[in-house]
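These notes are about the structure you will find just below.
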Amino acid sequence: LRLAAVITVVLVAVVVWNTLRVRASATGVEDGGAITPEAVAEATINISISRGSLEDATLRLDGTDVTSKAEITDGRLSWKPGPLAEGDHTLELHVPRSILPDATVEWDFTVDGRPPTITAPPYLPPHQPDDPVDIEGTVVGAETLTVDGEPVDVASDGSFSLHFDRPPTDGIDLVAVDDAGNERHATVFVPVPYPDDVRGVHVTATAWDNANLRQGIIDLINDGLVNTVVLTIKDEGGLVGHESNVAAAHEVGAVQGLYDLKKQVDYLHSKGVYVVGRIVCFRDPKYADAAWERGDREMLIQSPDGDRYALYGGGFLNFSHPEVQQYNIDLAVEAVKAGVDDVLYDYVRRPDGLIETMKIPGLEGDPIDSVVEFMAKSHGEIRRLGAVQGASVFGIAATRPEQIAQDILAMASNADYIAPMLYPSHWNPGEYGVADPDRQPYDIVFRSLRDFRQQVARTGRPLVPWLQHFSLGSTYTTAEIRAQVRASRDQDSNGWLMWDPGVTYNPEGLREDSRAPRIPAT
């Protein structure tokens, strides 16, 4: 009987306990969880209870009554914690009961603003385009790790390894996320080999078709002064010099058919020359005229009133248009199939000038992003065929990228090298602290190239600057040319490319002299 009485009392107590038990649920905070300082500052914590009255309840944070800051609506208590110090916190809800003591529900949580850590190299040693790539690293404090959006297995000690069948053309994006939602980003680049002693000269298609000018280039090669020829595939006029089979080039009347590109590349290769195919991308009056006349006006940069953008004779193409992009890629692919080692894009940008003076049909987002998307799209095609891709960039792009939509780091992420155009005559007085850049060629090349080097350092991509082999203001002779070469070498570039619009190069200027002095201002 006594046992039965005890059992009865226990059962009654259980019934009473269950009858008066208060269950609570909360959103906006998780018991035992973590939250970032930014998230908690913006959070609204909503609490509901199974029985009892929230009107009589008390809410405390770390022992401090915060009930007066809470609101009760439709049977739910809402409270905005606002900014909280990092560390552990306890939220308590006290609900009065008629017989038993107040019911207390607690949520223990941590405010954590420290992201996980990722240890991985910023870039690997150069890999051949078809070689497999293995990357090892560690991550600490992460709940998940993804690579380009895909989850990665992480060992108990935090180590991870990645494998790629060949070097990715762009950076490998690692994202580690902890249980609070803090993110840590890291990018790993895998360069491919690039010549470390480029000594190149630019040659137009018409110059290569001219026997005298062509012989001048061959003489430089035979004398060992030049080992690289930059042969223009499509020029600033939109003309395609060689016998192209790209349909769009014929449709717009761009093909000059001056020579067989493959035969000329084979000839240069037979002399041990590295061949670069230069393609002027978006400055293209030939294509622009044809597109405008046939009514495809969205292929051009326009003025706000819908007319052709005035600069460059109205011949600047819409860099965001898929057909415009594909036209340039088709020419690049054709050049690579003809044997060129390297595709170097020029005018891979928007027109210079205020963006408010331009209408760019179909553009979504920032012009910089559209230019980079083109570079990324092209890079995969060119690498797949065994060549490399470079970008000629304005000197001002290192400090004022938004003016021309050339973000150096982003472009280097989708190129195998960057070729800054550092012509001293093109700089304003005082740039990089150089009083008279045109008369101080060493100083302006050295300092501007140093800036570019710092911007591409995390990618492992090389720099090959364009240098001035013409007179514009000051007269450029052997001394001025050598001073630029010396500056590029002193900044550990992978060589240099010379620009002479007349394609008549001074052999003595190209004959490097390690003792070449700086050229002082006069």
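The values are calculated or read from the model by the stated rules, or taken from the named source; none is laboratory data. In this text the structure is predicted, and so the values were computed from the model without any measurement. Because the Cβ atoms are built from the backbone with ideal geometry, glycine has one as well, and the counts that use them run over all protein chains shown. Areas reflect the complete protein model, heavy atoms only, side chains present, ligands, DNA and RNA absent. Shrake-Rupley method; radii C 1.70, N 1.55, O 1.52, S 1.80 Å.
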Relative contact order (percent, whole number), the range 38-135, Cα cutoff 8 Å, 6+ residue spacing: 26 percent
Using the charge dipole of the chain (Lys, Arg: +1 at Cβ; Asp, Glu: -1 at Cβ; taken about the Cα centre), state which of VAL226, ILE279, HIS185 has its Cα farthest towards the positive end. VAL226
If you fit an axis through the alpha-carbon atoms of helix 211-222 and take the longest principal axis of the Cα set of the chain, what angle between them do you get, 0 to 90°, nearest 10? 70 degrees
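Per residue, what volume in Å³ does the Cα convex hull of the chain take up? Walk me through the intermediate numbers first.
Details: hull volume 121.3 nm³, N = 522.
Once divided by residue count, the hull of the chain is 232 Å³.
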Modelled label reach - GLU512, point 7 Å along Cα→Cβ, the range 417-454 residues with backbone N closer than 16 Å: 446
How about LYS80: which aspartates and glutamates have a C-alpha closer than 12 Å to its C-alpha, ignoring those fewer than 8 places off in the same chain? GLU42, GLU71
Around PHE189: net Lys/Arg minus Asp/Glu count, Cβ-Cβ under 11 Å: -1
Highest mean first, how do 287-294, 82-89 rank when packing is the count of other Cβ atoms within 10 Å averaged over residues? 287-294, 82-89
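List the pairs from LYS262/LYS359; LYS286/LYS337; LYS271/LYS337 whose alpha-carbon separation is above 29 Å, in the order I gave them. Before the final figure, lay out the partial values.
Details: LYS262/LYS359 39 Å; LYS286/LYS337 24 Å; LYS271/LYS337 19 Å.
The answer is LYS262/LYS359.
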Efficiency of FRET between GLU243 and GLU42 - r from beta-carbon atoms, R0 41 angstrom, step 0.05: 0.05
Relative contact order [Cα under 8 Å, 6+ residues apart], the range 238-312, whole percent: 25 percent
When the accessible area of the chain is computed with all protein chains present and a 1.4 Å probe, what percentage of it is carbon and sulfur? 49 percent
Summing Lys, Arg as +1 and Asp, Glu as -1, what charge do residues with Cβ under 10 Å from the Cβ of LEU174 carry, LEU174 excluded? -1
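How high is the FRET efficiency between ASN222 and ASP307 when r is their beta carbon distance and R₀ equals 56 Å, given to the nearest 0.05? Walk me through the numbers before you get to the answer.
Details: r = 51 Å, r/R0 = 0.91.
Calculated value: 0.65.
When the Kirkwood hydrodynamic radius is evaluated over all pairs of different C-alpha atoms of the range 122-179, what value in angstrom, to one decimal, is obtained?
On the way: mean 1/r = 0.0810 Å⁻¹.
Computed over Cα pairs of the range 122-179, the Kirkwood hydrodynamic radius comes out at 12.3 Å.
Peptides 220-226, 159-165, 147-153: what's the order by average Cβ count within 10 Å, highest mean first?
Values: 220-226: 15.9, 159-165: 13.4, 147-153: 11.1.
Output ranking for 220-226, 159-165, 147-153: 220-226, 159-165, 147-153.
How much accessible area per residue does the range 198-290 have, in Å², with a 1.4 Å probe? Can you show the working numbers first?
Numbers: 3350 Å² over 93 residues.
Accessible area per residue: 36 Å².
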Sequence-distant or interchain residues sharing an amide H contact under 5 Å with TRP496, placed H: which? VAL198, ARG199, GLY200
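Can you check what the net charge comes to around ARG114, using other residues whose Cβ is under 10 Å from the Cβ of ARG114 (Lys, Arg +1; Asp, Glu -1)? Show your work: numbers first, answer last.
Details: positive: ARG184; negative: GLU86, ASP112, ASP178.
That works out to -2.
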Can you tell which of MET375, ILE35, SER50 lies farthest toward the positive end of the dipole of the chain, using +1 and -1 charges on the Cβ of basic and acidic side chains (Lys, Arg; Asp, Glu)? MET375
At a threshold of 8 angstrom on Cα-Cα distance, excluding pairs fewer than six apart, so keeping six or more, what relative contact order does the chain reach in percent? 10 percent
What angle, in degrees between 0 and 90 and rounded to the nearest 10, separates the Cα long axis of helix 441-456 from the longest principal axis of the Cα atoms of the chain? 30 degrees
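Using per-residue counts of other Cβ atoms within 10 Å, averaged over each peptide, order 340-348, 201-209, 138-146 from highest down. Don't skip to the answer; put the middle values down first.
Working: 340-348: 25.6, 201-209: 20.8, 138-146: 17.6.
The packing order, highest mean first, is 340-348, 201-209, 138-146.
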Folded to 0 to 90 degrees: helix 367-384 orientation relative to the chain principal axis, Cα: 70 degrees
